[in-house]
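Engineer: Below is a structure I'd like to ask you about.
The values are calculated or read from the model by the stated rules, or taken from the named source; none is laboratory data. Quick caveat: nothing in here was measured; it's all calculated off a predicted structure. Heads up, the Cβs are rebuilt from the backbone with ideal geometry, glycines too, and the neighbour counts pull from every protein chain shown. Side chains included, ligands, DNA and RNA excluded: accessible areas come from the protein's heavy atoms. Shrake-Rupley method; radii C 1.70, N 1.55, O 1.52, S 1.80 Å.
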Amino acid sequence: MINLELPKKLRASANQAHQVAAEIFRPASRKYDLAEHEYPVELDTMAAMVEGLADSGTQDISGATGGRKSETKTDGEADSHATELLGNSNGGNMSALLNALETSWGDVGLMLSIPYQGLGNAAIAAVATDEQLERFGKVWAAMAITEPSFGSDSAAVTTTATLDGDEWVLNGTKIFVTAGSRATHIVVWASVDRSKGRAAIKSFVVPQGAPGLTIARLEHKLGIKASDTAELRLEDCRIPKDNILGSPEVNVEKGFAGVMQTFDNTRPLVAAMAIGVGRAALEELRTILTEAGVEISYDTPAMNQHAAAAEFLRLEADWEAAYLLALRAGWMADNKKPNSLEASMSKAKAGRMGTDVTLKAVELAGALGYSQRTLLEKWSRDSKILDIFEGTQQIQQLIVARRVLELSSTELK
């Protein structure tokens, strides 16, 4: 029998994240949606709470270190015995995934603004050496990949990094950097030798305040307005030689699999964000339908129920599929199993589900859904970015097709 229940420790962690979402994020959600670029002071309380839980060992969500931890102990003899027999581990990736889901249920924009929990932290966890993890494991790191000349094609990076003595000199422009003005560090993708193509693309940790790094502007956006999205310029920006993540050597045969490994960690997290927003919309929609006298039954065939109830059941089933795919991708990461296919599957499914569920919830709720009396219209705006960043829907489907058909990026474009 397959047991799909979460382990006791992860349930406790998810419950704590849900309390934060319910008590801190949800009440402030509309406030910061209407006050774009205003710093959410509630996040200072959140940051102190996260650090306190991490220091006490209650949570594995502080900085990048959580993504590298594996649980060696579980709560209860039964869990311990099962882990011994099966060799299964639910560690930092699964914990981060569940926390992303729960906090996004409160507000995904605020979730993306949590200090020390940036997407760059997942990048550090994926490719940093142990020594680098010691230095950067507790920083707040944003991730800068996209440039004005490209969006989803990560291999088209034009930002350069040139070694000059004991320092790297970076030049280029990065756009759509989530938490780019608030994070303490930025993980920047740059090429160390453009003549060698994608194999020369490496990731560098650039601290805020580094000489040559400037914040050009903050974007005005459709959704996730509580989160700042910055354009960064690097003009002869100098950082220490050992701030390159992983090996500086260019391995043409390996390509840029090292930096791409970042996405195996971050895509399930973005999927979890969409799942959190989707669940919030489904819960609100159920309440609205129930108050309108629409009964939703799990015992009666959908075709024999009210059309709105049948549609709700379809949306809920789609949500469940996305949830299970994300759990699988996170579990594989914790158990050191290659999860590139599963990470892209979870991101593609959850991104599409999130936009479908939230827009349909607005539609089924009618004028109430389109108004600001509920958060449904906000969630429909917020969900769209979750189907775009960290690789668009189309890119995820392309990756899945390559993995399933066993074709290279040159064979299937």
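Engineer: Being more than 30 Å from Ala35 (Cα to Cα), open to solvent by less than 40 Å² (accessible area, probe 1.4 Å), among the charged types (D, E, K, R) and touching a residue at least 40 places away in the same chain (Cβ under 8 Å) narrows it down to one residue among Asp264, Asp236; which is it?
Structural biologist: Numbers: Asp236 fails: open to solvent by less than 40 Å² (accessible area, probe 1.4 Å).
Residue meeting the stated conditions: Asp264.
Engineer: Here's something else I'd like to know. Among the residues of the stretch 352-369, is there at least one that is of a type in the set (D, E, K, R), within 18 Å of Ala271 (Cα to Cα) and at pLDDT 95 or above?
Structural biologist: Residues of the stretch 352-369 that are of a type in the set (D, E, K, R), as a first pass: 352, 356, 360, 363.
Narrowing the set further to residues that are within 18 Å of Ala271 (Cα to Cα) leaves 352, 356.
Then drop every residue that is not at pLDDT 95 or above, which leaves 352, 356.
Yes, there is a match, as at least one residue in the stretch 352-369 is of a type in the set (D, E, K, R), within 18 Å of Ala271 (Cα to Cα) and at pLDDT 95 or above.
Engineer: Continuing with this model, one more query. I need the full set of residues from the stretch 288-305 which are more than 17 Å from Leu368 (Cβ to Cβ) and either in a loop (DSSP other than H, G, I, E, B) or among the hydroxyl-bearing types (Ser, Thr, Tyr) (or both), in order please.
Structural biologist: Let us first name the residues in the stretch 288-305 that are more than 17 Å from Leu368 (Cβ to Cβ), namely 295-305.
Listed by number, the residues that qualify are Glu295, Ile296, Ser297, Tyr298, Asp299, Thr300, Pro301, Gln305.
For (1) touching a helix residue (DSSP H, G or I) at 6+ places or on another chain (Cβ under 8 Å); (2) surrounded by 24 or more Cβ atoms within 10 Å (Cβ to Cβ); (3) of a type in the set (A, V, I, L, M, F, W, C), each residue gets a yes or a no:
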{"position": "Gly92", "(1), (2), (3)": "yes, yes, no"}
{"position": "Gly106", "(1), (2), (3)": "yes, yes, no"}
{"position": "Gly118", "(1), (2), (3)": "no, yes, no"}
{"position": "Glu134", "(1), (2), (3)": "no, no, no"}
{"position": "Thr173", "(1), (2), (3)": "no, no, no"}
{"position": "Ala183", "(1), (2), (3)": "yes, yes, yes"}
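Engineer: Determine if the stretch 301-315 includes at least one residue that is among the charged types (D, E, K, R) and closer than 24 Å to Gln19 by Cβ.
Structural biologist: Here is the first cut: in the stretch 301-315, the residues among the charged types (D, E, K, R) are 311, 314.
Narrowing the set further to residues that are closer than 24 Å to Gln19 by Cβ leaves none.
No, the stretch 301-315 has no match at all.
Engineer: Now for a different question. Considering (1) assigned to a helix (DSSP H, G or I); (2) free of Cβ contacts under 8 Å to residues at least 24 places away in the same chain; (3) open to solvent by less than 80 Å² (accessible area, probe 1.4 Å), say which one Leu285 fails and leave the rest.
Structural biologist: (2)
Engineer: Right, next: Given the criteria part of a helix (DSSP H, G or I), under 30 Å from Asn88 (Cβ atoms), hydroxyl-bearing (Ser, Thr, Tyr) and within 19 Å of the chain's Cα centre (by Cα), does Ser380 qualify?
Structural biologist: When the stated conditions are applied, Ser380 does not pass them.
Engineer: Is it fair to say Gly293 is modelled with pLDDT of 95 or more and not hydrophobic (A, V, I, L, M, F, W, C)? Lay out the reasoning, then the answer.
Structural biologist: Working: modelled with pLDDT of 95 or more: yes; not hydrophobic (A, V, I, L, M, F, W, C): yes.
The answer is yes for Gly293.
Engineer: Only residues in the stretch 320-348 that are farther than 22 Å from Ser152 by Cα count as the first member; pair them with residues that are open to solvent by 30 Å² or more (accessible area, probe 1.4 Å) and among the hydroxyl-bearing types (Ser, Thr, Tyr), Cβ under 7 angstrom, at least 6 apart or cross-chain, and list the lot.
Structural biologist: Note: pairs meeting the criteria are Asp334/Ser70.
Engineer: Test of understanding: among Gly276, Gly330, which residue is in contact with a Phe, Trp or Tyr (Cβ under 6 Å, 6 or more places away or on another chain) and either under 20 Å from Ser383 (Cβ atoms) or in a helix (DSSP H, G or I) (or both)? If you could, list the steps in order and put the result at the bottom.
Structural biologist: On the way: Gly330 fails: in contact with a Phe, Trp or Tyr (Cβ under 6 Å, 6 or more places away or on another chain).
It is Gly276.
Engineer: Still on this structure: Need at least 2 residues that are modelled with pLDDT of 95 or more per element, so show me which helices (runs of 4 or more DSSP H) inside the stretch 66-173 make the cut, counting only ones lying wholly within it.
Structural biologist: Values: elements: 77-86, 92-106, 108-111, 119-127, 130-136.
In the stretch 66-173, the matching helices (runs of 4 or more DSSP H) lie at 92-106, 108-111.
Engineer: So, in the stretch 383-398, exactly how many residues are assigned to a helix (DSSP H, G or I) and buried (at least 23 other Cβ atoms within 10 Å of the Cβ)? Give the steps one after another, and end with the answer.
Structural biologist: Residues of the stretch 383-398 that are assigned to a helix (DSSP H, G or I), as a first pass: 383-385, 393-398.
Checking the rest, the ones that are also buried (at least 23 other Cβ atoms within 10 Å of the Cβ) come to 383, 385, 396.
Adding up the residues that qualify gives 3.
Engineer: Then there is this: Residues that are outside any loop (DSSP other than H, G, I, E, B) and open to solvent by less than 20 Å² (accessible area, probe 1.4 Å): does the stretch 211-228 have at least one? Give the steps one after another, and end with the answer.
Structural biologist: From the stretch 211-228, those outside any loop (DSSP other than H, G, I, E, B) are 213-218; that's our starting set.
Applying the additional criterion that residues be open to solvent by less than 20 Å² (accessible area, probe 1.4 Å) yields none.
The answer is no; no qualifying residue exists.
Engineer: Tell me, which residue of the stretch 141-158 that is among the hydrophobic types (A, V, I, L, M, F, W, C) and surrounded by fewer than 21 Cβ atoms within 10 Å (Cβ to Cβ) is farthest from Arg198 (Cα to Cα)? It would help to see each step written out before you state the result.
Structural biologist: The initial filter retains those residues of the stretch 141-158 that are among the hydrophobic types (A, V, I, L, M, F, W, C), namely 141-145, 150, 155-157.
In the following step, the residues that additionally are surrounded by fewer than 21 Cβ atoms within 10 Å (Cβ to Cβ) were identified as 150, 155-156.
Values: Phe150: 14, Ala155: 5, Ala156: 8 Å.
Only one residue tops the list, namely Phe150.
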